[in-house]
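The values are calculated or read from the model by the stated rules, or taken from the named source; none is laboratory data. Here the structure is a predicted model, which is why all the values come from computation and not from measurement. We place every Cβ from the backbone using ideal geometry, glycine too, and count neighbours over all the protein chains shown. Surface accessibility is based on the protein's heavy atoms, side chains included, excluding ligands, DNA and RNA. Shrake-Rupley method; radii C 1.70, N 1.55, O 1.52, S 1.80 Å.
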Amino acid sequence: MNYDITDINLAREGALKSEWADQQMPVLQGIRQRFAETRPLEGLRIAACLHVTSETSNLAKTLVAGGAELALCASNPLSTQDDIAAHLVDEGISVFARNGEDSDTYYQHISDAVDTKPHLTIDDGADLVAMLHSERRELLDSTLGGMEETTTGVIRLKALHAEGKLAYPIIAVNDAMTKHMFDNRYGTGQSTLDGIIRATNMLITGKSVVIIGYGWCGRGFADRARGLGAHTIVCEVDPVRALEGVMDGHRVMSLDEASKIGDIFLTVTGGLHAIDKHHFENMKSGAVVANSGHFNVEINVDALRDMSETRRYIRPFVEEHTLEDGRRINLLAEGRLVNLAAAEGHPPSVMDMSFANQALASEYIAANHASLEPGVHVLPGEIDTEIASLKLQSMGMSFDTLTPEQEKYLNSWESGT
């Protein structure tokens with residue numbers, strides 16, 4: 001077994017963290033038990049580029065229980081939990097991930113995972129798929145299909161497909177209702193606020209918090225910030241989402257305006273330079289800037305550094321930039337995912353559904369890849385329904401079902417007033 005991690009001696013600590021998370025992931029537990037019996041992934045090699053966290057460890061064990069040979073690398077240089085990486089290696093899984101790895105090591109680790117010649121890929125941001133389609137095209141013929149976890153990754157894959165270059169079918173796991181409606185909204189909402197508070201120890205109550213991007217992640221964060229007493233401001237390029245922000249009770253304005261009054265800024269856009277040089281020029285001294293979108297390009301970090309007279313880490317994950325006029329702007333977690341770099345990422349109970357989607361998507365594409373054309377596909381709705389039903393059952397909640405008469409009515413056109 002090949003691997004590259006920080007310290008194998010952390011395995012025991014990682015095992016305990018993984019066990020704690022698993023106790024809060026009953027849906028994935030049930031899938032793992034079934035996979036161990038049916039072995040739907042028998043003989044398949046899977047390369048996964050994911051955040052190496054305690055929750056991910058339980059997805060990894062589920063895939064292996066299903067018969068897969070797994071190689072795991074990090075999808076972000078700062079999100080790896082080194083003890084979890086050690087635990088998975090101790091469990092016999094190839095892991096290539098070190099917390100704080102530099103850019104060269106990050107891409108080398110993706111290459112290491114790709115070296116296993118995967119039949120299936122699992123991505124969180126599409127970096128692994130991008131490498132297969134650029135530097136390692138000789139492996140595409142043996143790749144049967146894949147899954148993508150994030151909004152950013154799905155955008156990249158759709159662009160690749162639009163150019164006619166996507167070589168195999170990929171399930172957009174992010175588009176499943178039991179993923180983005182819960183993981184993106186409740187998971188990102190809570191974990192991002194957690195990351196900001198852990199990094200800064202700031203009181204949120206009374207602060208003007210600017211949310212740049214009002215998709216599912218932005219909605220979740222805005223709601224939780226307001227719940228702690230923040231004055232929430234939404235900035236958007238999509239007028240429909242901006243209108244939704246107004247109707248949800250937030251102030252909505254351009255970032256040019258908001259940059260003058262905000263105390264805390266969060267980007268969740270999936271785009272480039274949502275916060276740019278002219279916004280930094282407007283910010284008041286002491287402003288905190290963070291990102292919870294997938295890549296660290298949403299904040300123009302280079303522009304901020306060019307504007308700075310001095311830089312120092314005043315706290316872990318807080319880089320204080322002092323500008324020529326004496327103003328201080330505090331950048332969190334190098335502009336990378338603050339919820340994973342400065343905190344622990346999403347709680348296990350919400351990742352239970354996200355990783356249930358990943359596991360069942362792996363099973364689905366293993367069984368159906370031959371009938372799927374290259375492109376970005378949606379996971380069948382019945383799998384979404386199954387995951388939601390299992391989650392409700394695990395919570396001790398019941399739900400209603402339609403009678404045959406009600407089903408007939410809803411599926412017919414004859415009956416009217």
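Using Cα springs under 10 Å in a Gaussian network model of the chain, which residue among Gly195, Gly375, Gly345 shows the largest mean-square fluctuation?
Most flexible of the set in this elastic network: Gly375.
Summing Lys, Arg as +1 and Asp, Glu as -1, what charge do residues with Cβ under 9 Å from the Cβ of Asn296 carry, Asn296 excluded?
-1
So what is the accessible area of segment 247-365 per residue, in Å², with the probe set to 1.4 Å?
39 Å²
Let me have the 222 nm mean residue ellipticity of the chain computed from DSSP H runs of 4+ only, each contributing -39500 (n - 2.57), with the sum over all residues rounded to the nearest 500.
Mean residue ellipticity at 222 nm (helix-derived): -12500 deg cm²/dmol.
Give the residue from Val289, Ser415, Asn357 lying farthest towards the positive end of the charge dipole for segment 286-417; charges sit on Cβ (+1 for Lys and Arg, -1 for Asp and Glu) and the dipole is referred to the Cα centre.
Projecting each Cα onto the dipole axis, the largest value belongs to Val289.
What does the charge count near Tyr106 come to, summing +1 for each Lys or Arg and -1 for each Asp or Glu among other residues with Cβ under 10 Å from its Cβ?
-3
Multiply the residue gap between Ser285 and Ser394 by 0.36 nm, knock off their C-alpha separation, and tell me the result in nm, one decimal place.
34.5 nm
Return the distance in nm (one decimal) between the two label points of a simple spin-label model at Glu324 and Arg312, each offset 7 Å from Cα along Cα→Cβ.
Going from the Glu324 label point to the Arg312 one covers 2.2 nm.
With all distinct Cα pairs included, what does the Kirkwood hydrodynamic radius of segment 251-290 come out to in Å, to one decimal, could you say?
10.5 Å
Among Ala65, Ala172, Ala388, determine the one that fluctuates most according to a GNM of the chain built with springs between C-alpha atoms less than 10 Å apart.
Highest fluctuation of the listed residues: Ala388.
Of all the stretches in the chain, which is the longest one without any exposed loop site, taking chymotrypsin sites (Phe, Trp or Tyr not before Pro) in a DSSP loop (any state but H, G, I, E, B) with at most 15 other Cβ atoms within 10 Å?
Free of exposed loop sites, the longest segment is 1-398.
Bin all alpha-carbon pair distances of segment 1-149 at 10 Å intervals from 0 and give each bin's fraction as a whole percent.
Bin by bin from 0 Å, the calculated values are 13, 44, 35, 8, 0.
Using a probe of 1.4 angstrom, how much of the accessible area of the chain is carbon and sulfur, in percent?
For the chain, the apolar C and S fraction of the accessible surface comes to 50 percent.
Explain nothing, just the number: dipole magnitude of segment 154-247 about its Cα centre with +1 on each Lys and Arg Cβ and -1 on each Asp and Glu Cβ, in debye rounded to the nearest 20.
That gives a dipole near 160 debye.
Rounded to whole Hz and in sequence order, give me ³J(HN,Hα) for segment 315-323 from the Karplus expression 6.51 cos²θ - 1.76 cosθ + 1.60, θ = phi - 60°, writing x for Gly and Pro.
Along segment 315-323, the couplings run 8, x, 6, 10, 9, 8, 10, 9, 8 Hz.
I'd like to check one number: the per residue accessible area of segment 84-222, probe 1.4 Å, reported in Å² as a whole number.
Computed with neighbouring chains in place, this is 35 Å² per residue.
Going by a ≥ b ≥ c, the root eigenvalues of the Cα gyration tensor, does segment 256-391 fall in the rounded group (a/c under 1.5), the prolate group (a/b larger than b/c) or the oblate group?
Prolate.
From Cα pairs below 8 angstrom and at least 6 apart in sequence, can you work out the relative contact order of the chain, rounded to a whole percent?
17 percent
Under a Cβ-only charge scheme (Lys and Arg +1, Asp and Glu -1), can you give me the dipole magnitude of segment 32-105 about the Cα centre, in debye to the nearest 20?
For segment 32-105, the charge dipole is close to 380 debye.
Would you mind checking which residues have amide H under 5 Å from Ile122's amide H? H placed 1.01 Å from N; only 5 or more apart, or other chain.
Ala47, Ala48, Cys49, Met147
For segment 271-277, in order, what is each residue's ³J(HN,Hα) by Karplus, 6.51 cos²θ - 1.76 cosθ + 1.60 with θ = phi - 60°, in whole Hz (x at glycine and Pro)?
My calculation for segment 271-277 gives x, 9, 6, 4, 9, 10, 4 Hz in order.
Looking at Met202, Phe399, Asn330, which one has the Cα that reaches farthest to the positive end of the dipole of the chain (charges on Cβ: Lys, Arg +1; Asp, Glu -1)?
My answer, from the dipole projection, is Met202.
Enumerate the lysines that Lys207 could reach by cross-link, defined here as Cα to Cα under 24 Å, with residues fewer than 8 away along the same chain left out.
Straight-distance partners of Lys207: Lys260, Lys277, Lys284.
Can you compute 3J(HN,Hα) from phi for each residue in segment 165-179, using the Karplus curve 6.51 cos²θ - 1.76 cosθ + 1.60 with θ = phi - 60°, rounded to whole Hz and x for Gly and Pro?
Rounded to whole hertz, the list is 10, 6, 8, 8, x, 10, 7, 7, 4, 4, 7, 5, 4, 6, 9.
Measure out, as a whole number of angstrom, how far apart the alpha-carbon centroids of segment 186-200 and segment 286-351 sit.
The two parts, judged by their Cα centres, are 13 Å apart.
Under a plain spin-label model, where a point goes 7 Å from the Cα along Cα-to-Cβ, how far apart in nm are Ser415 and Lys117?
The modelled label-to-label distance comes out at 5.9 nm.
Are there GluC sites (Glu not before Pro) in segment 275-366 that DSSP puts in a loop and that have at most 12 other Cβ atoms within 10 Å, and which ones?
Glu324
Please report, in debye to the nearest 20, how large the charge dipole of the chain is about its Cα centre when each Lys and Arg carries +1 at its beta carbon and each Asp and Glu carries -1 there.
780 debye
Quick one: of the DSSP bridges fully inside the chain, what percent are antiparallel, nearest 5?
20 percent
Assign one of three labels to segment 47-119, namely rounded, prolate or oblate, based on the Cα gyration tensor with a ≥ b ≥ c the square roots of its eigenvalues; rounded applies when a/c is under 1.5, prolate when it is not and a/b is larger than b/c, and oblate otherwise.
Taking the square roots of the gyration eigenvalues as a ≥ b ≥ c, segment 47-119 is oblate.
Could you work out the relative contact order of segment 142-243, using alpha carbon pairs under 8 angstrom and six or more residues apart, expressed as a whole percent?
23 percent
If you build a Gaussian network model of the chain, linking Cα atoms that sit under 10 Å apart, which residue out of Leu72, Leu139, Leu402 swings the most?
Among Leu72, Leu139, Leu402, the largest mean-square fluctuation in the Gaussian network model of the chain belongs to Leu402.
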